[in-house]
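> What follows is a single structure, and I will ask about it in a moment.
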Amino acid sequence: MNVVYRNLLAVAVAGLLAGCAGIPAAVGTRVNGPPPAGTEREITGGACGFQLFLFIPINVNNRLERANQQLEQAAGGDFITEVQIQERWIYAFVGTVYCTDLQAKAIRAKSS
């Protein structure tokens, strides 16, 4: 194989792999110690992305981060605990829809 074609292939593979990278996202409230005592309620959040032709990602890599933002909005500043993550996908003829759903409990601390 010619050196030019080998370098071109290496650049193409690196570009494709870079397109599939996501960023880590932490979920729930991060504090030291036990959760506060108080009233708890169920909250949910979710986000979806689309993989066009099973090759072109559209809003796929940051689904967990966007779902967590919805979860935090639903909590309204309350303590988030017991986060459950569910992934699902749906075939959509020209690609695939990938969804991340979060379900958690929000605890409102008792005021003193």
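Derivation of every value follows stated rules applied to the coordinates shown; laboratory data play no part. No experiment lies behind these values; they were computed from the predicted model shown. Counting neighbours? That spans all protein chains shown, and the Cβs are built from the backbone with ideal geometry, glycine included.
> For the chain, modelled as a Gaussian network with Cα springs under 10 Å, which listed residue fluctuates most, F93, F55, F79?
F93
> Considering only F93, V4, Q70, whose Cα is most displaced toward the positive end of the charge dipole of the stretch 3-109, charges sitting on Cβ of Lys, Arg (+1) and Asp, Glu (-1)?
V4
> If you place +1 on the Cβ of every Lys and Arg, -1 on the Cβ of every Asp and Glu, and leave all else neutral, what size is the dipole of the stretch 3-109 about its Cα centre, to the nearest 20 Debye?
On the way: 8 positive and 8 negative charges, 54 e Å.
Approximately 260 debye in magnitude.
> For the chain, build the charge dipole from Cβ charges (+1 Lys, Arg; -1 Asp, Glu) around the Cα centre, then report which of L16, L52, A104 sits farthest towards its positive end.
Going by the Cα projections, it comes out as L16.
> Let me ask something additional. Test of understanding: in a Gaussian network model of the chain with alpha carbons linked when under 10 Å, which of L54, L64, L102 would top the mean-square fluctuation ranking?
L54
> OK, next. Just to confirm the number: angle between the C-alpha axis of helix 3-18 and the first principal axis of the chain, 0 to 90 degrees, nearest 10?
Tilt relative to the chain: about 20 degrees.
> On a 0 to 90° scale, report how tilted helix 63-75 is relative to the longest principal axis of the chain, with both axes built from alpha carbons and the result rounded to the nearest 10.
That works out to roughly 20 degrees.
> Over the chain, consider all pairs of different Cα atoms and compute the Kirkwood hydrodynamic radius from their mean reciprocal separation; express it in Å, one decimal.
On the way: mean 1/r = 0.0605 Å⁻¹.
Roughly 16.5 Å, rounded to one decimal.
> Tally Lys/Arg at +1 and Asp/Glu at -1 over every other residue whose Cβ is under 10 Å from the Cβ of I43; what's the total?
Net local charge, I43 excluded: -2.
> Trypsin sites (Lys or Arg not before Pro), restricted to the stretch 44-112: which are DSSP loop and have at most 10 other Cβ atoms within 10 Å? Let's see the in-between values first.
On the way: sites: R63, R66, R88, K105, R108, K110; in loops: K110.
Passing both the DSSP loop test and the Cβ count: K110.
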